[in-house]
Amino acid sequence: MRKSSEPVFWFLFGAGGVIAAFLAPIHIVLTGIVGPAGGLESALEYERVLALVSHPVTKLYLFMLISLPLFHWAHRFRFTVVDLGLRASKRGIAFATYGSAAIGSILSALVLIRL
Amino acid sequence: MSKATIVLEVLRYRPEQEQEPTFQIYESEYREDWVVLDAINHIKDHIDGTLSYRWSCRMGVCGSCGMMINGEPKLSCATFLRDYYPDPIRVEPLANFPIERDLVIVMDDFMEKLTSVKPWILREHEKPISEGEYRQTPAELARYKQFSMCINCMLCYSACPVYALDPQFTGPAAIALAHRYNLDSRDQGRSWREQVLSTEEGIWACTYVGTCTVVCPVDVDPAGAIQQAKLSTTTDWFRDVLMPWKGR
Ligand code: SF4
Ligand code: FES
């Protein structure tokens with residue numbers, strides 16, 4: 001074992017960064033802009049979308065799409081807050097930020113499982 | 001015609017006579033081909049012999065003349081007056097280090113960090129001289145060459161906001177040099193160095209601001225070295241956890 005558990009968080013941070021940079025924008029454009037503008041009428045029908053997201057592979061994909069960027073945020077936010085001067089409560093901040101990302105991930109898993 | 005001059009506001013600190021550093025204004029001769037160090041040498045030789053600072057090679061090789069020039073860490077022998085003229089230039093000792101006297105900083109912390117990563121070739125067993133040298137291909141040399149160009153000027157420490165906030169941080173140059181030896185095909189000290197590097201004060205303190213790479217006068221790219229070290233440490237970590245039988 002390495003001395004620090006940091007590699008895990010850094011890995012999640014890196015993976016989340018890739019997803020936030022490359023995949024998230026596609027989803028924002030499709031479901032946030034093109035969809036509401038009426039560009040994807042038939043593709044975004046409720047039944048079709050429900051069938052799509054009920055598939056286990058889609059669920060796994062959506063879980064990564066939601067969870068990893070949360071850990072990306074947690075890592076960034078943790079270091080930002082520490083650098084802003086809360087150095088003394090480093091451990092607590094790490095706990096709170098990664099904890100929030102973990103809670104968010106669990107909630108998204110619950111929602112996805114119940115679909 | 002009178003000679004052209006340029007104003008230098010130089011930080012002075014003489015611990016035997018003042019509590020706090022002050023600025024002293026000097027008017028130095030100005031020449032188009034002069035660097036800041038030339039002007040400071042001119043001041044020392046002709047205006048005020050009490051000014052203290054470090055320098056040696058005057059050609060960007062020794063790494064001893066680093067100073068804050070208008071707030072930026074730079075080699076004073078590689079910073080031309082003409083880039084500032086006719087405005088005054090503010091010259092201060094390198095930031096993030098204690099001041100010993102005038103422009104001279106205390107570099108003990110840097111020296112300790114440097115030695116802490118053992119920046120030399122470590123071998124589990126030295127082979128006897130009779131077996132000849134450790135040979136290396138040009139490709140093996142190319143892997144680490146860039147990181148071996150460091151002149152220990154400490155500009156990267158002055159530029160690093162993480163080091164400014166947390167002096168425990170091993171810092172850019174020391175990590176870049178550790179990485180340089182880790183990449184060297186003749187070296188076997190990587191897992192040893194990882195004990196120093198892969199800690200919260202080591203590579204994991206770095207938040208990839210990247211100013212070290214911006215100020216480095218010889219393009220070492222310490223920020224890149226730290227990122228590479230993070231990646232290889234992470235790979236090691238996962239290998240150790242997922243495949244513990246593959247001991248290194
Ligand atoms: S890495 Fe660059 S800036 Fe840092 S000490 Fe070495 S030469 Fe100077
Ligand atoms: S005097 Fe040697 S690097 Fe500037």
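Laboratory data are not the source of any read-out in this text; all were calculated from the coordinates shown. Worth saying up front: this structure is predicted, and the values here are computed from it rather than measured. Note that each Cβ is placed from the backbone with ideal geometry, even for glycine, and that neighbours are counted across all protein chains shown.
Across all C-alpha atoms in chain B, the radius of gyration and Dmax reach 21.4, 81 Å.
Local charge sum around B:THR5 (other residues, Cβ-Cβ under 9 Å, Lys/Arg +1, Asp/Glu -1)?
That sum, taken over residues with Cβ under 9 Å, equals -1.
Based on the Stokes-Einstein relation at 20 °C and a viscosity of 1.002 mPa s, and on the Kirkwood radius from alpha carbon pairs, chain A is assigned a translational diffusion coefficient of 134 µm²/s. To make sure I understand the rule: partners must be lysines, Cα under 25 Å from the Cα of B:LYS127, and not fewer than 8 residues away in the same chain. Which ones qualify? Straight-distance partners of B:LYS127: B:LYS118, B:LYS145.
Working note: Cα gyration tensor of segment B:108-242, eigenvalues times five, square-rooted, sorted largest first, giving semi-axes of 25, 18, 14 Å. Per residue of the protein assembly as shown, the DSSP helices (runs of n ≥ 4 H) give a summed -39500 (n - 2.57) that works out to -13500 deg cm²/dmol at 222 nm. Taking other C-beta atoms within 10 Å as the exposure proxy, A:PHE9, B:PHE147, B:PHE23 rank B:PHE23, A:PHE9, B:PHE147 from fewest upward. Simple point charges give the picture: +1 on the Cβ of Lys and Arg, -1 on the Cβ of Asp and Glu, and for the protein assembly as shown a dipole about the Cα centre of about 1420 debye.
For segment B:108-242, the dipole from Cβ point charges (+1 on Lys and Arg, -1 on Asp and Glu) about the Cα centre works out to 360 debye, to the nearest 20.
Which of the trypsin sites (Lys or Arg not before Pro) across segment B:66-124 are loop residues per DSSP, with 12 or fewer other Cβ within 10 Å? For trypsin sites (Lys or Arg not before Pro) across segment B:66-124 that sit outside H, G, I, E and B with at most 12 neighbouring Cβ atoms in 10 Å, the list reads B:ARG123.
Count charges around B:ARG31 for me, please; just the other residues with Cβ under 11 Å from its Cβ, Lys/Arg as +1, Asp/Glu as -1.
The answer is -2.
Note on A:SER42, B:SER232: ascending count of other Cβ atoms within 10 Å places them as A:SER42, B:SER232, the fewest first.
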